[in-house]
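The values are calculated or read from the model by the stated rules, or taken from the named source; none is laboratory data. Small disclaimer: the values here were computed from a predicted structure and weren't measured. Here Cβ is always computed from backbone atoms with ideal geometry, including for glycine, and neighbour counts include all displayed protein chains. Only protein heavy atoms, including side chains, enter the accessible area calculation; ligands, DNA and RNA are left aside. Shrake-Rupley method; radii C 1.70, N 1.55, O 1.52, S 1.80 Å.
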Amino acid sequence: MNDTGRAIAYASSLYLQRANTAYAGYIQRDPMALLRLGPGRANPYPIYDRIRERGTLVPTRLGNGMSPSHRVCDSVLRNRRFGVRSAGTGTPAEPDEFDLSFLEMNPPDHTRLRRLALPAFSPKAVAGYQDRITRTVGDLLDRACVAGEFDLVTGFAAPLPIAVITDLLGVPDADSSEFARYGAVIATALDGITSLRHARRLQASDAALRRLFGKLFDLRRRVPRDDIISRLVAAGPDQVRPDEILPMCVLLLIAGFETTVNLIGNAVLALLDHPEQWQALCADPAAMAAKAVEETLRYDPPVQVTSRVALEPVDVDGKPVRMGQWVVTLIGAANRDPEAYDSPGTFDINRVTTADHLAFSSGIHYCIGQPLARLEATIALRMLAERMPGLSLAGAVRRRKTTTIRGPARLPVSTGARRRPSTPAPRPVPVADGAARSLPESGWTAGRPPGRQRQSR
Ligand code: HEM
């Protein structure tokens, strides 16, 4: 088949997939499909409740399983008889799959590469970022204060993690907006590819990102610094093969900003939706910010779903799962499981924890960046409450058009202080808000690249 023929076949399969999802969701009321359509994107929680009524491990229409249960999700994620790709499959081979490094590898490769990335996220290393985060938050809030009204996503929640992750990787300041721009496009693939145009944009951004990283690898070989890329390019082939370095950097870049932006966005949205909780935070920001972050991670997690495949036959909650069968672990549902939490639908930053939430997953793929994400979000909420106690919504909130990643794409707020008309609003930064895409059948999680997410599962 020539290129045009292949393009037509590919586009047809994408549109067919979308039509199937729409039929299954709107006509057959299939919950898994509904999660990928407008109702699920707007509010997945009533759909999770309907799944929960059907049990702890519910068959999907494609013959896999999904679980809304905290206990079952946690045990599947921890179970070494499950993996992130089927036994015997290598790195992604299909054209619509991005290689997201050890996130989509099973041991022993997963163990080898994760070990190499871990030191950058040790408690000591993360504590070293406190000053930089505080300075960045302060600068962003200075600009927002002057503007009076601003979009909390593009003006605050997004620039913070981008500044931190590019710094951590060793991207020079002058290049960080380019890395962020291309990274944001690649991140739109996390929920699947929606059209031929989308596929072309992804290809172009992928090529641009490869070029940028390639130049940076050369620079750090010649002029090493104390950053992740310098360590990766200096590592021996027994630790990391040359072709494994780029996917690992792309994973860290995307995971570093695509998730934390939504944690901050979801937290501010939940707090402003519950004014008494915002007041509780403002009454004692230093003590309450970390609690508000934890409750947001439980109540409205940025990563809503991941999945695992059985590497051998295994029993889950008394039900047999065949080798090669997937279990979709519905993190957002597990975090509101009444078996694990009292009044699970209540947002309460003073909640006494009865179970660890699964926002960062569980088991061997437990999020490596969680100490950093927690620190960034805690400082962001603390300083926001200290400096803008009068914060309020100033317009319509727009949600991202994605299923795996959940958060606001647009969150207009007012600082509560009078605006000086001549001052500029904070400079917006690129975010993958999904505005240019709609949701396909296949998809992902920060934990879930397209390869693992043929997730009409
Ligand atoms: C609120 C912010 C974040 C959330 C909700 C989040 C969520 C997750 C989840 C759910 C997984 C596991 C997926 C699975 O089990 O299939 C994961 C893995 C991972 N995350 Fe995060 N993440 C966040 C922030 C970050 C940050 C800031 C970084 C790095 C700078 C990061 C890097 C990673 C990496 C490298 C993995 C792969 C771990 C492995 O496969 O062993 N994450 N994250």
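Please tell me if ILE229 is modelled with pLDDT of 95 or more and either of a type outside the set (A, V, I, L, M) or surrounded by fewer than 22 Cβ atoms within 10 Å (Cβ to Cβ) (or both). Break it down into steps so the answer makes sense when it comes.
Details: modelled with pLDDT of 95 or more: yes; either of a type outside the set (A, V, I, L, M) or surrounded by fewer than 22 Cβ atoms within 10 Å (Cβ to Cβ) (or both): no.
So ILE229 fails the test.
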Here the residues within the stretch 13-37 that are under 23 Å from the mean Cα position of the chain (by Cα) and hydroxyl-bearing (Ser, Thr, Tyr) are THR21
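Suppose we keep only residues that are of a type in the set (Val, Ile, Thr) and part of a helix (DSSP H, G or I) within the stretch 278-318. Which one would you say is surrounded by the most Cβ atoms within 10 Å (Cβ to Cβ)?
Restricting attention to the stretch 278-318, the residues satisfying the condition of being of a type in the set (Val, Ile, Thr) are 293, 296, 303, 305-306, 309, 314, 316.
Okay, now just the ones that are also part of a helix (DSSP H, G or I), so 293, 296.
On the way: VAL293: 24, THR296: 27.
Across the stretch 278-318, the extreme among qualifying residues is THR296.
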Anything in the stretch 233-277 that is within 11 Å of the ligand (Cβ to nearest atom) and not in a helix (DSSP H, G or I)? List them, or say none. THR259
Give me the pairs: first residue in the stretch 104-122 and touching a residue at least 12 places away in the same chain (Cβ under 8 Å), second residue of a type in the set (Lys, Arg) and open to solvent by less than 30 Å² (accessible area, probe 1.4 Å), beta-carbon distance under 7 Å, and six or more apart or on different chains, which are they? GLU104/ARG452
Mind checking which residues of the stretch 360-417 are among the polar types (S, T, N, Q), touching a Ser or Thr at 6+ places or on another chain (Cβ under 7 Å) and modelled with pLDDT under 95? THR404
From the option list ASP342, ASP300, ASP337, single residue qualifying as farther than 25 Å from GLY40 by Cβ and of a type in the set (D, E, K, R) is ASP342
Quickly run through the stretch 175-188 and pick out the residues that are surrounded by 22 or more Cβ atoms within 10 Å (Cβ to Cβ) and away from the ligand (no atom under 16 Å from the Cβ). TYR182, THR188
Residue list for the stretch 319-366, restricted to those being open to solvent by 50 Å² or more (accessible area, probe 1.4 Å) and within 16 Å of the ligand (Cβ to nearest atom): ASP356, ILE364, TYR366
Boolean, VAL314 is within 28 Å of GLY65 (Cβ to Cβ), touching a Phe, Trp or Tyr at 6+ places or on another chain (Cβ under 6 Å) and β-branched (Val, Ile, Thr): no
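Taking GLU53, is it open to solvent by 60 Å² or more (accessible area, probe 1.4 Å) and either touching a strand residue (DSSP E or B) at 6+ places or on another chain (Cβ under 8 Å) or acidic (Asp, Glu) (or both)?
Answer is yes for this residue.
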Starting from the stretch 123-137, keep only residues that are among the charged types (D, E, K, R), then list their pairs with residues that are open to solvent by 30 Å² or more (accessible area, probe 1.4 Å) whose Cβ atoms are within a distance under 9 Å, requiring at least 6 positions of separation or different chains. ARG132/ASP167
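Every residue, every condition in (1) crowded, with 21+ Cβ neighbours inside 10 Å; (2) touching a residue at least 12 places away in the same chain (Cβ under 8 Å); (3) under 24 Å from GLN370 (Cβ atoms), yes or no:
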position	(1), (2), (3)
LEU209	yes, yes, no
LYS215	no, no, no
ALA255	yes, yes, yes
THR260	yes, yes, yes
PRO275	no, no, no
Give the stretch 368-394 a look and list any residue that's away from the ligand (no atom under 11 Å from the Cβ), in contact (Cβ under 8 Å) with a residue 40 or more places away in the chain and part of a loop (DSSP other than H, G, I, E, B), or say none. MET388, PRO389, LEU391, ALA394
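Residue by residue, here is whether (1) away from the ligand (no atom under 15 Å from the Cβ); (2) assigned to a helix (DSSP H, G or I); (3) of a type in the set (Phe, Trp, Tyr); (4) within 22 Å of the chain's Cα centre (by Cα) holds:
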{"site": "PRO119", "(1), (2), (3), (4)": "no, yes, no, yes"}
{"site": "THR136", "(1), (2), (3), (4)": "no, yes, no, yes"}
{"site": "VAL153", "(1), (2), (3), (4)": "no, yes, no, yes"}
{"site": "ARG200", "(1), (2), (3), (4)": "yes, yes, no, no"}
{"site": "PRO224", "(1), (2), (3), (4)": "yes, no, no, no"}
PRO172 vs. criteria within 16 Å of the ligand (Cβ to nearest atom), closer than 27 Å to LEU375 by Cα and open to solvent by 10 Å² or more (accessible area, probe 1.4 Å): no
Residue, nearest to the chain's Cα centre (by Cα), within the stretch 283-318, restricted to residues that are within 11 Å of the ligand (Cβ to nearest atom) and among the hydroxyl-bearing types (Ser, Thr, Tyr): THR306
